[in-house]
2 protein chains.
Amino acid sequence: MNPVITPSTEGAAKPLRPLGELTLRRVAIDTYKENVAYLHRDCDVYRAEGFQALSKVEVRANGKRILATLNVTSDPRIVQCHELGLSIDAFAQIGVDPGYPATISQAEPPVSIAALHRKINGERLGRADFLAIVRDIAGHRYSKIELSAFVVATNRGELDREEVFFLTEAMIASGRRLDWHERLVIDKHCIGGIPGNRTTMLVVPIVAAHGMVCPKTSSRAITSPAGTADTMEVLANVELPFERLCDIVRDHRACLAWGGTADLSPADDVLISVERPLSLDSPGQMVASILSKKVAAGSSHLVLDIPIGPSAKVRSMPEAQKLRRLFEYVAQRLGLSLDVVITDGRQPIGRGIGPVLEARDVMRVLQNHPLAPQDLRQKSLRLAGRLLECDPDIRGGDGYAIARDILDSGRALEKMRDIMQAQGAKPFDPERPELGALTFDVTAERDGVVTGIDNFQIARIAQLAGAPKVQGAGVDLLRKLGESVKAGEVLYRVHASFPADLDFARQASGRDTAIRVGEAGQVPSVFVEF
Amino acid sequence: MNPVITPSTEGAAKPLRPLGELTLRRVAIDTYKENVAYLHRDCDVYRAEGFQALSKVEVRANGKRILATLNVTSDPRIVQCHELGLSIDAFAQIGVDPGYPATISQAEPPVSIAALHRKINGERLGRADFLAIVRDIAGHRYSKIELSAFVVATNRGELDREEVFFLTEAMIASGRRLDWHERLVIDKHCIGGIPGNRTTMLVVPIVAAHGMVCPKTSSRAITSPAGTADTMEVLANVELPFERLCDIVRDHRACLAWGGTADLSPADDVLISVERPLSLDSPGQMVASILSKKVAAGSSHLVLDIPIGPSAKVRSMPEAQKLRRLFEYVAQRLGLSLDVVITDGRQPIGRGIGPVLEARDVMRVLQNHPLAPQDLRQKSLRLAGRLLECDPDIRGGDGYAIARDILDSGRALEKMRDIMQAQGAKPFDPERPELGALTFDVTAERDGVVTGIDNFQIARIAQLAGAPKVQGAGVDLLRKLGESVKAGEVLYRVHASFPADLDFARQASGRDTAIRVGEAGQVPSVFVEF
């Protein structure tokens, strides 16, 4: 993300001339991704500018310009009359010391607002429109309200597939693009929604052990109880300077890092800030978000996992096939080789849900431990097999067996240890993982068979228990779909580190345990590749 | 607006149990219509709750609940660890003294979010859906992001006419509804966009002088240089308790007050807070907004003014006719008698643009002053005539002459003085209005005829000059459409009270004067009723 607008690259309308200078002050308020500027009510500039409610203002200092929402105060302890206060993030964007001179003026609307209005009115937009809109979004020139309008106006069915391609292309152009100078740069991705689905941490060491280049950057959890970056962080440092990542990839063929520092598809991060609160994840936006990050990261081959199930993001095979075709169309236009696999998303993968619990499962699979979750192992081997088959020397169908050999022989574990060491390993013992010490068990109310696990509700319980902020918090599943259970037997155990968290999780599971116990014939089936 | 959620009327999902109590503190920051809660970063509750970026929180104190966006600070001068800070508006909503105990918890999403998602996905919504959505909006349970999503998802073409009726009905139900216990309660309204269009302040005294009941509440300017309430405020107090308004209407048959305190269609005020920054004013939303306010205010008969012109909100007759039919359909379903007139919106009405300048024009018309703007007089008489014809004793076509008699005889002026007196008259001399002392003139660059006046740009210049905040600021038009002008003659004079304001207005008019001078044959024509 590069929220600073440098005048040279600025395409916005000419702003009004700013008034007299004020003195910059850092206001120690964290307003998240919304820049806020604070003026005193008696400040001359505030009076003269005639700022109104919800004013968007432009702050200039140190040759930089940022946009912000204006808040007005009468408390001189926050800002005095001659001062211009900026919230924590906004202040950091200007990058100067307190006391620096600054000016403030009313912001003109971003140049792409006319295109946004055309989209709101149902028109089809062209390549130049998407470039202008995404440039303004990446430049933090859209307010939350305008971002929300864009996300809704480009929602389900509002974008045709070529528009999705234009959007993706514009999102790639909005940030940095990496070039690894390798013929094959592979990546895997899952569209999300399945707790515990940490196959990335197994697939990457397997394919890297085979010699393939896999510079994997992942996100942290946004609405889930753990992202790959959160789980990897239990085992090693994931926030590394880009140059260090390059060294690690050169030495070990792979890395497992957080992607937040790489400035890849920065518009995506901004859009996510409104998509998540709205729980909007339309096919077009999903395709643009995922493929823009992959292409910007320099990937040449991608295996994409679309899980389907009653509580997965995609609930039916026709829906999955439609999504697959959209991914394939855009990937082809971008020159990205894409292999889509549609998988079983009826329940979480593995047993643990939460960073430490998921790290435990991953390490057990790598160690070929007797308690390793077999579903996580199998899914990872199959995905790794598909990725290995991107190697032209490997025959179609042979990938799985090669992946299994690499895992069974301990070479995957060895590669994982190399990566962890290179990133800065942290002490971790999968036999004694540091789980939250406070626990409660959720038990079966009747004899029967597990006929349903609600991915969303079980994830919510893990989050309320503290995951991913509290690494040792989460849910440990002791029963999976189709398994028999007797009344009173434990279905899952919740771990937390703070009484309040435990209490929240208990209330939520009391309202809905997320696990249904019924008759054997009631287990839903899905017909998928794996 | 009644942003306080009392537990008894609350339809939202059961919230999680709140944690330990904090001490309420008023943080003197004006965040406009967005409630903000401030917690110290080291506050136990913040830690234990696991609040995340963009968290929506629920604050409870004094038996009331409000929703707010969370900001986090490390500055104990803003809030200390045991304190819960609230922005100015949010604090006022709770209505207690600082130091009062309060609790904070994560807010559950509003119950109507599922219906919002169905609308985003293009489904048609039913009556109950609109009721639920509007109830949540009026209860301040939607975030700006969700409001924006609703506004875009119900934009142009997304609502059929029955849905517009459901939305209007729900907006009426969200607030107070007045009953004047009169057979005829008349009102007039203009869809807006034409500067200087202060016919209300002439129509109301005329029809009230005839004896009709016209309890007129108006808005302040939101994006324009003056609303009726702003202009009336030059002449009299407009912020009156509801009970006082009732007395005035009983005594004088009319009032001319600001509608902001009456709690009529409160959801509308909330929606406007995102519609305005987005410049969205789709037909469905316009109809729902206007008609909900009128019905809630207890009107039985409404004359609605739709101006058309190249820089008006409605640019063509077919568009105006389509809008008229939508207004008529919804009004008929609501039992409101509606008379739509399509008028000339090619240029401002009257000469002054800005509160004092417009008050001057209004008073000159009432006084039958030789300098009274004839267009304002004519339009007001025609509108008043249409309203008078709501009286079953007046024959169709006779209204205009009756209105003219009332105005020419001085009875309208007398009624206006009664109303001003009753509301608390302010000293005002139309011969010596208190205009901003700083001025500049914009002159014609060539000989010719005025062929165009851009409503939007002339309004913008008046706003930059300080209107409506600075009452005496604005634009005084000396030439109107079709009038001859010689090079160097003044087209309009800008008044301001502050050098910076004058400078802004000068820059804007330097870029675009808003007035075009050309040949007589180039004056655009419109074919309208008046």
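The values are calculated or read from the model by the stated rules, or taken from the named source; none is laboratory data. The shown structure was predicted, so the numbers you read here are calculated from the model rather than taken from an experiment. A quick note on method: Cβ atoms are made from the backbone with ideal geometry, for glycine too, and the neighbour counts reach across all protein chains shown.
Scanning segment A:460-483 for residues that are out of contact with any helix residue (DSSP H, G or I) (no Cβ under 8 Å at 6 or more places or on another chain) and either among the β-branched types (V, I, T) or at pLDDT 95 or above (or both) gives A:L478, A:R479, A:L481, A:E483.
Per-residue answers, yes or no, for (1) modelled with pLDDT under 70; (2) under 22 Å from A:D89 (Cβ atoms); (3) more than 8 Å from chain B (Cβ to nearest Cβ); (4) surrounded by fewer than 21 Cβ atoms within 10 Å (Cβ to Cβ):
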{"position": "A:V27", "(1), (2), (3), (4)": "no, yes, no, no"}
{"position": "A:Y32", "(1), (2), (3), (4)": "no, yes, no, yes"}
{"position": "A:L39", "(1), (2), (3), (4)": "no, yes, yes, no"}
{"position": "A:D42", "(1), (2), (3), (4)": "no, no, yes, yes"}
{"position": "A:R47", "(1), (2), (3), (4)": "yes, no, no, yes"}
{"position": "A:E58", "(1), (2), (3), (4)": "no, yes, yes, no"}
{"position": "A:A61", "(1), (2), (3), (4)": "no, yes, yes, no"}
{"position": "A:K64", "(1), (2), (3), (4)": "no, yes, yes, yes"}
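The set of residues in segment A:162-185 that are buried (at least 22 other Cβ atoms within 10 Å of the Cβ) and within 9 Å of A:G298 (Cα to Cα) contains only A:V185. What are the residue pairs meeting all of these: first residue in segment B:76-100, first residue in contact (Cβ under 8 Å) with a residue 40 or more places away in the chain and buried (at least 20 other Cβ atoms within 10 Å of the Cβ), second residue polar (S, T, N, Q) and part of a loop (DSSP other than H, G, I, E, B), Cβ atoms under 6 Å, and 6 or more apart or on different chains? From segment B:76-100, the pairs are B:S87/B:T31; B:A90/B:N35; B:I94/B:N62. Of all the numbered requirements in (1) of a type outside the set (D, E); (2) modelled with pLDDT of 95 or more; (3) out of contact with any Cys (no Cβ under 8 Å at 6 or more places or on another chain); (4) crowded, with 24+ Cβ neighbours inside 10 Å, A:V152 misses one, and that requirement is (2). Taking residues in segment B:287-314 that are more than 20 Å from B:R183 (Cβ to Cβ), and partners anywhere that are at pLDDT 95 or above and of a type in the set (D, E, K, R), the pairs with Cβ atoms closer than 6 Å and at least 6 places apart or on different chains are B:G309/B:R346; B:S311/B:D454. The sole residue among A:M317, A:M286 that is within 16 Å of the chain's Cα centre (by Cα), under 19 Å from A:I342 (Cα atoms), more than 14 Å from every other protein chain (Cβ to nearest Cβ) and not acidic (D, E) is A:M286.
Here segment B:143-165 is the region considered, the condition is being within 22 Å of the chain's Cα centre (by Cα), assigned to a helix (DSSP H, G or I) and over 23 Å from B:P109 (Cα atoms), and the residue that is farthest from the other protein chains (Cβ to nearest Cβ) is B:F165.
Per-residue answers, yes or no, for (1) among the polar types (S, T, N, Q); (2) more than 30 Å from B:V341 (Cβ to Cβ); (3) outside the structural domain of B:I248 (by TED's automatic domain parsing):
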site: B:E445; (1), (2), (3): no, yes, yes
site: B:G448; (1), (2), (3): no, yes, yes
site: B:A462; (1), (2), (3): no, no, yes
site: B:K486; (1), (2), (3): no, yes, yes
site: B:A496; (1), (2), (3): no, yes, yes
site: B:F504; (1), (2), (3): no, yes, yes
site: B:Q507; (1), (2), (3): yes, yes, yes
site: B:V517; (1), (2), (3): no, yes, yes
site: B:E529; (1), (2), (3): no, no, yes
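For B:L235, indicate whether it is farther than 28 Å from B:E34 by Cβ, in contact with a Phe, Trp or Tyr (Cβ under 8 Å, 6 or more places away or on another chain) and touching a residue at least 24 places away in the same chain (Cβ under 8 Å). Judged against the criteria, B:L235 is a match. The sole residue among A:A412, A:A403 that is in the same structural domain as A:P241 (by TED's automatic domain parsing) and under 26 Å from the mean Cα position of the chain (by Cα) is A:A412. Could we say that A:L491 is surrounded by 17 or more Cβ atoms within 10 Å (Cβ to Cβ) and at pLDDT 95 or above here? Yes: the conditions hold for A:L491. Suppose the filter is surrounded by 15 or more Cβ atoms within 10 Å (Cβ to Cβ), more than 24 Å from B:D75 (Cα to Cα), within 13 Å of chain B (Cβ to nearest Cβ) and over 34 Å from the mean Cα position of the chain (by Cα); does A:T73 pass it? No.
Annotation for segment B:127-142: no member residue is in contact with a Lys or Arg (Cβ under 8 Å, 6 or more places away or on another chain), surrounded by 23 or more Cβ atoms within 10 Å (Cβ to Cβ), at pLDDT below 95 and not in a helix (DSSP H, G or I). Among the helices (runs of 4 or more DSSP H) confined to segment B:359-428, the ones with at least 3 residues that are free of Cβ contacts under 8 Å to residues at least 24 places away in the same chain are located at B:399-408. Once segment A:433-460 is narrowed to residues that are under 18 Å from A:A496 (Cβ atoms) and in a loop (DSSP other than H, G, I, E, B), the residue that is nearest to the other protein chains (Cβ to nearest Cβ) is A:G436. Kindly evaluate B:Q421 against the criterion of being of a type in the set (S, T, N, Q), modelled with pLDDT under 95 and either closer than 27 Å to B:M201 by Cβ or assigned by TED's automatic domain parsing to the domain that holds B:P307 (or both). Taking the combined requirement at face value, the residue does not satisfy it. Taken over segment B:461-493, the criterion of being away from chain A (no Cβ under 14 Å) and assigned to a strand (DSSP E or B) is satisfied by B:V475, B:D476, B:L477, B:S484, B:V485, B:V490, B:L491, B:Y492, B:R493.
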